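To keep things clear, I will list the structure first and then write my remarks on it.
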């Protein structure tokens, strides 16, 4: 055991943040912590490192265990270069090297016993340097610099000249190089591009120590952790497996909990009805039987109602007007700023109904390309055309189109004055703004809430081509799933920039990778992109070098897979309808069995009981078929 949290409790004023959170971590564990924004994940980290006090419970860490903590807002204030700042991590090793050099100089002049003593000292210093892996620290620094997305030239840039995001990356690099026994990483991927995320995944997986990660990056969690601690409503639950495994198990556990709760509530109501009936007979024996049942009911270990989860979006998004088949044509675009070339020879086209992700390293010009498409800035060369009937809806990650002085409701109603109050409320409810929430000021909203307001505005517009710049930034896990469901049901066309690989996997049918020399097209989701990249781009399509046969084969295969999936989904839907019908049948039989004229008649009771058993047997078969079809979807 390297870390033990036992019944952690923490409140701020009257707000209970953590009520009962426990965790035991071993030396090489890789653990993800998940929960909605405000659940207390960062608070828990601050408690572990001693930045916040406990209201109750305990934190146990052995004395010899070294902690390393990366927080969301950490930055470095230094006049050193990136390389020199990272070198400070190895000050003890550098001191040993300096001592060795001085000893070498002294040995050159010494003789006899003095020389022997210096040679012994040199041997001890060499051994100590080797124990501390002192012969490889410079290569480790270069590896971290490259891995976190800095070029060899940027390594010698002064830190006080860097952006906030770059400073955060330097801070992360310092922590990783310090190699603590426990790494606490709070949203470590926020300022990383996709290549850097992949490097960090490899680093975490191979790290010889315990790593505990708070992250909304589900793909990152899938690739790095083997255990999940969920914090929900102040309490914790522990799951073995990665994020996807956790999500599946949580859904199953919740269904089981709901079923047990409903069944128990049904039984309680049945017992209460029987008790009332027995009391109504007003006879000594019937009253005693009623009292006996009441005592049994009081002793029953009653289940708590499962906690309410954020409501899912139940809005089918359909553009009011359909565009033509050709939505966007980009041909030979190039762009430079201040003499620095961002990209050139960028060509691709997008057709109606496609969901396309635009990816590429930070600074390559993805947002710049969007602004060219939107006619906000001009390209240096090339052309960009939208097709017939195309109406663009743009989501910018800064939410610049929102008026912070207005309420959510007024923001929507002022933008669309013809909409009725009911229509506005229905759409906002679909984006999880209900009741008095709709009157919150935009200025008071979190990043994720502003994102949902911006999305609601776009969906209410006449847009049939959505251009989204980092739509999942600042969204918690529940909000990301809401957006995924929204885009999956959207019948229009979508082009988006995202670093969220789980989101890309769930929504993209095609990926365009922006490079300095052009655009590379991959006909599939993010996993497909990775697979093809590893095959040296054998089946990719580059600007003006289209491999038509490969494209058609990939497209055909994708269409066949989609058709097969639709068939499975249809079978599942029919099974669910049959299950609902049978469950209602069983419930009706239960009601009949509770009727006095039935439960006092042995013949009627047996006939109904046999009918119920037959229905439940058919139900069991349908459940098995449903589970099998669910497995076929994977």
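The values are calculated or read from the model by the stated rules, or taken from the named source; none is laboratory data. Since the structure is predicted, the reported quantities are computational estimates derived from the model, not experimental observations. With ideal geometry, Cβ positions are generated from the backbone for all residues, glycine too; neighbour counts draw on all protein chains shown.
Some points to look at:
- Across the stretch 338-356, the number of residues qualifying as in contact (Cβ under 8 Å) with a residue 24 or more places away in the chain and assigned to a strand (DSSP E or B) comes to 12.
- For the stretch 124-141, a residue qualifies if it is without any contact (Cβ under 8 Å) to a residue 12 or more places away in the chain, within 20 Å of residue 208 (Cα to Cα) and assigned to a helix (DSSP H, G or I), and the qualifying residues are 130, 131, 138, 139.
- Whichever residue in the stretch 450-486 is out of contact with any strand residue (DSSP E or B) (no Cβ under 9 Å at 6 or more places or on another chain) and within 17 Å of residue 404 (Cα to Cα) and, among such residues, is surrounded by the fewest Cβ atoms within 10 Å (Cβ to Cβ): 450
- Some residue of the stretch 86-107 being touching a strand residue (DSSP E or B) at 6+ places or on another chain (Cβ under 6 Å) and either at pLDDT 90 or above or assigned by TED's automatic domain parsing to the domain that holds residue 215 (or both): no
- Candidates 321, 295 - the one that is closer than 30 Å to residue 275 by Cα and at pLDDT 75 or above: 295
- Test: residue in the stretch 435-449 that is crowded, with 22+ Cβ neighbours inside 10 Å, in a loop (DSSP other than H, G, I, E, B) and under 24 Å from the mean Cα position of the chain (by Cα): no
- Number of residues in the stretch 198-222 that are crowded, with 20+ Cβ neighbours inside 10 Å and either farther than 16 Å from residue 25 by Cα or modelled with pLDDT under 90 (or both): the value is 9.
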